[in-house]
Structures are given as structure tokens and as C-alpha cells.
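The values are calculated or read from the model by the stated rules, or taken from the named source; none is laboratory data. Bear in mind the structure is a predicted one, so any value in this text is a computation, not a measurement. When we count neighbours, we look across all protein chains shown, and the Cβ atoms used for this are built from the backbone with ideal geometry, even at glycine. Each accessible area value is taken on the protein alone, full model and side chains, heavy atoms only, with ligands, DNA and RNA left out. Shrake-Rupley method; radii C 1.70, N 1.55, O 1.52, S 1.80 Å.
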Amino acid sequence: VLYILVWSSSEGPAIYRQERIGLHGRAFQILKFRTMTIHAEGDTPQLSADDDPRITTVGKFLRKYRLDELPQMWNILRGDMSIVGPRPERIEHVEKYSKDIPEFVCRYKVKGGLTGYAQVYGKYNTNAYNKLKMDLIYIQNYSLAMDFKLILMTVRILFKKDSTEGFDNKRKKVNK
């Protein structure tokens, strides 16, 4: 149903593919429902902002409830990702963050996840340094009980507005 809704509501494919970095620094194609107009970024990766004109009407709904992430279940089934783990980052962001924070690559000792410690405790608006700290807490304290708790907390926060909104003008700088 979501596929048809995205496909029929705006020009372009319903599924968006983007190269991300996973376990041991290996690149893979992450899948998402497309929430922006095609070619929204142009040549330069850009973070989205609140009320970003590039986000489609259907895209706003999908992002609000994080339904745009559902195609990543295929990434999980393929073994590219886990349900819980550090969120896989774009190659451009990994390169930048790793220059500013050399320890950033430590996040790739485990599979990236659909949700994670930083997503639950830091929300979407967390900067790279704080995201790294939270991801390292997860990596150092990993347990099935923690994964289960993070999954339950993720379901609970999906319906809180501030946990799913994009970067506002004050938060566009994502480096430390």
C-alpha cells in the first residue's frame, strides 16, 4: 500500500536507494521509501530541515511515523543490517565525521541497525560526536535484553513529534 501511495503521488521511483557504510566499513545500498522529490539533493548531500520544500506530501506522513524506513527490513533479511545497532551513515558523512572524530569508525565493529541507542536516547537531531558516544555505549554494553528494550522504546517514541522531525535551522551543523 505504501509503495503504491509513494509511486502514484509524485514523479520518480517509490523506493530510494542510498549507499551507506555498514559492518567493517563495507558499503551497501540502504532502501527507503522515497520521501523527497527526485534529484532533491543535486550534486551535494544536504540535510533536510523542518518544512523542507523538497519533501513530498506523502513523504511528510511517512517521515512522521518513520514508515519510510520499512524497506530496510529487506536490508535486515539480506544481512546488511540488524534490527538494532548504530544507524548506518552515508559515505560522505562517514568521511567528514572520521576526519573530525577519528574514533567514529569504531561504530563499524557491529552491524548497523534500523534503530539504535543513539536514535532512542539522542533522537534524530543528535550531532556526530554525541551519536558516537551513544553508539559506543551500545557496542560496549550489548545484550539481547538491551536490544529488546531499545526495540520497545523505539515503538513508543515513534509517536512523539520531536523524535521524528528533521533538523531545524539551529541544528544544521552536525559536526562537533
Of the conditions (1) within 12 Å of the chain's Cα centre (by Cα); (2) among the basic types (Lys, Arg); (3) in a helix (DSSP H, G or I), Lys60 fails just one. Which one is it?
-> (1)
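Would you confirm whether or not the stretch 90-104 contains a residue that is touching a residue at least 40 places away in the same chain (Cβ under 8 Å) and in contact with a Leu (Cβ under 8 Å, 6 or more places away or on another chain)?
First, the residues of the stretch 90-104 that are touching a residue at least 40 places away in the same chain (Cβ under 8 Å): 90-94, 96-97, 100-101.
Within this subset, residues satisfying the condition of being in contact with a Leu (Cβ under 8 Å, 6 or more places away or on another chain) are 97, 101.
Yes, the stretch 90-104 contains a residue that is touching a residue at least 40 places away in the same chain (Cβ under 8 Å) and in contact with a Leu (Cβ under 8 Å, 6 or more places away or on another chain).
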Evaluation of Asn75 against (1) open to solvent by 20 Å² or more (accessible area, probe 1.4 Å); (2) closer than 30 Å to Gln140 by Cβ; (3) assigned to a helix (DSSP H, G or I) (one fails), failing number = (1)
For the stretch 40-63, indicate whether the set of residues that are free of Cβ contacts under 8 Å to residues at least 60 places away in the same chain, open to solvent by 40 Å² or more (accessible area, probe 1.4 Å), closer than 29 Å to Lys133 by Cα and of a type in the set (Phe, Trp, Tyr) is non-empty.
-> no
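Please specify each residue of the stretch 126-155 satisfying the condition of being assigned to a loop (DSSP other than H, G, I, E, B) and surrounded by fewer than 17 Cβ atoms within 10 Å (Cβ to Cβ).
To start, the set of residues in the stretch 126-155 that are assigned to a loop (DSSP other than H, G, I, E, B) comprises 126-127, 141-143.
The answer is Asn127, Asn141, Tyr142, Ser143.
Would you confirm, using the coordinates I've provided, whether Leu114 is open to solvent by 20 Å² or more (accessible area, probe 1.4 Å) and under 17 Å from the mean Cα position of the chain (by Cα)?
On the way: open to solvent by 20 Å² or more (accessible area, probe 1.4 Å): yes; under 17 Å from the mean Cα position of the chain (by Cα): yes.
Considered against the rule, which asks whether it is open to solvent by 20 Å² or more (accessible area, probe 1.4 Å) and under 17 Å from the mean Cα position of the chain (by Cα), Leu114 comes out as yes.
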For the stretch 16-29, which residues satisfy the criterion of being open to solvent by 50 Å² or more (accessible area, probe 1.4 Å) and either of a type in the set (D, E, K, R) or within 17 Å of His39 (Cβ to Cβ) (or both)?
-> Tyr16, Arg17, Glu19, Arg26
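Please indicate, with yes or no, whether at least one residue in the stretch 81-101 is open to solvent by 70 Å² or more (accessible area, probe 1.4 Å), among the hydrophobic types (A, V, I, L, M, F, W, C) and not in a strand (DSSP E or B).
Scanning the stretch 81-101 turns up no residue that is open to solvent by 70 Å² or more (accessible area, probe 1.4 Å), among the hydrophobic types (A, V, I, L, M, F, W, C) and not in a strand (DSSP E or B).
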